Amino acid sequence: MTAAMILVGSLFVASKVIVQHVPVFTASFLRQFLAFVVLVGLLWYQKTPRPVMTQKRDYVILLTQSIVGTFLFSLFMLYGLKYTNSIDANIITSTTPLTMMLIAVFLLGESFTKRRGLALALALLGTLSINVLGGHDDTQGNHVWLGNGLIVLAVIAEGVFFGFGKLLSTPIASTWLSCILTALGSAWFFPFALYDLAQTDFITVPWFVWLLVVYTGVGVTALGVVLMNMGMTKVSVSSASIFTALMPVSGVALSVLFLHETFYWYHALGMVLVLAAMGLMMFEKFTQEPNASSVHAS
């Protein structure tokens, strides 16, 4: 779980470098396609049974996940990173569990408790503190409000991705689900990547950028899923949720270390507020699952 969260946290760091050299659609296609190839190999090695879907609505849900949670998420994330820094992106994206909670309330009929309301308020304050207090920073050559706004849209798209997964009538093994969605994501990005091919001189792209592209596909999108699944077989859902706090922390640390971004005081304030919101959500899960010892990933 620790390794998985560090990998996920590094996605914005690697993507920040990638979008400076590779068009967004090409980078997105390669990330999805490379992950798809690795996951196909893993399914073949594990001989995991093919999922059987009996209801048409499951196909609609998968299409929605692929369009919103894969296609739009990648666009919002990568274009957002063109206008903001990786530190802001990591902190804002750590509010994804709160987005999932709201989707569960409105779509799955879960209750909106006072603790959830407080967690949502803290997360919003954390995000606003970064935008309001750091909104004057124009180091990207463009106003960071636009970039951070796109990252917020990416968070919503990711929340839809995870939230809609709960609407499937038949549970699908997570490796199969990731394989299906990366295949669909590759299909959505492919025609746009072909257009990029005709418009871009890829020979000038530095070799280390191509390595980062491979890393985001194989290391983050594919291996991150595998490690998460392995971790979920060993710990309870409540315990696993604690590890999500490592994502923004590792992402911020990697941004400072490798991108040499400056960590301002308002970043610390935003992170504290967001992590406090996460803490409230984790406490609620612990109280709901006092006897949970292990939960096997679907």
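For the stretch 153-181, a residue qualifies if it is more than 17 Å from SER74 (Cα to Cα) and of a type in the set (S, T, N, Q), and the qualifying residues are SER169, THR170, SER174, THR175. So which residues in the stretch 45-71 are under 24 Å from the mean Cα position of the chain (by Cα) and either of a type in the set (Asp, Glu) or over 16 Å from SER174 (Cβ atoms) (or both), if there are any at all? Those that are under 24 Å from the mean Cα position of the chain (by Cα) and either of a type in the set (Asp, Glu) or over 16 Å from SER174 (Cβ atoms) (or both): ASP58, TYR59, VAL60, LEU63, THR64, ILE67, VAL68, PHE71.
Per-residue answers, yes or no, for (1) of a type in the set (D, E, K, R); (2) touching a strand residue (DSSP E or B) at 6+ places or on another chain (Cβ under 8 Å); (3) at pLDDT 85 or above; (4) within 20 Å of LEU81 (Cα to Cα):
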residue	(1), (2), (3), (4)
LEU212	no, no, yes, yes
TYR215	no, no, yes, yes
GLY219	no, no, yes, yes
THR244	no, no, no, no
MET247	no, no, no, yes
TYR266	no, no, no, yes
VAL272	no, no, yes, no
MET278	no, no, no, no
MET282	no, no, no, no
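Kindly evaluate ASP201 against the criterion of being surrounded by fewer than 15 Cβ atoms within 10 Å (Cβ to Cβ), modelled with pLDDT of 70 or more and of a type in the set (Asp, Glu). Yes. In the condition set (1) closer than 14 Å to SER15 by Cβ; (2) without any contact (Cβ under 8 Å) to a residue 24 or more places away in the chain; (3) not charged (D, E, K, R), SER111 is compliant with all but (1). Note on the stretch 106-120: residues that are in a helix (DSSP H, G or I) and surrounded by 13 or more Cβ atoms within 10 Å (Cβ to Cβ) amount to 6. Taking the stated definitions as given, is LEU7 part of a helix (DSSP H, G or I), within 15 Å of GLY219 (Cα to Cα) and in contact (Cβ under 8 Å) with a residue 60 or more places away in the chain? Answer is yes for this residue. Do we have ALA193 as part of a helix (DSSP H, G or I) and either closer than 23 Å to LEU72 by Cβ or modelled with pLDDT under 85 (or both) here? Criteria met by ALA193.
When you scan the stretch 2-61, how many residues do you find that are crowded, with 24+ Cβ neighbours inside 10 Å, under 19 Å from LEU184 (Cβ atoms) and among the small types (Gly, Ala, Ser)? Final tally of qualifying residues: 3. With a requirement of 1 or more residues that are under 30 Å from LEU259 (Cβ atoms) and in contact (Cβ under 8 Å) with a residue 24 or more places away in the chain, the helices (runs of 4 or more DSSP H) lying completely within the stretch 53-102 that satisfy it span 73-83, 86-93.
The values are calculated or read from the model by the stated rules, or taken from the named source; none is laboratory data. Owing to the predicted nature of the structure, the values given are computational and were not obtained by experimental measurement. Ideal geometry is used to build each Cβ from the backbone, glycine not excepted, and the neighbour counts take in all protein chains shown.
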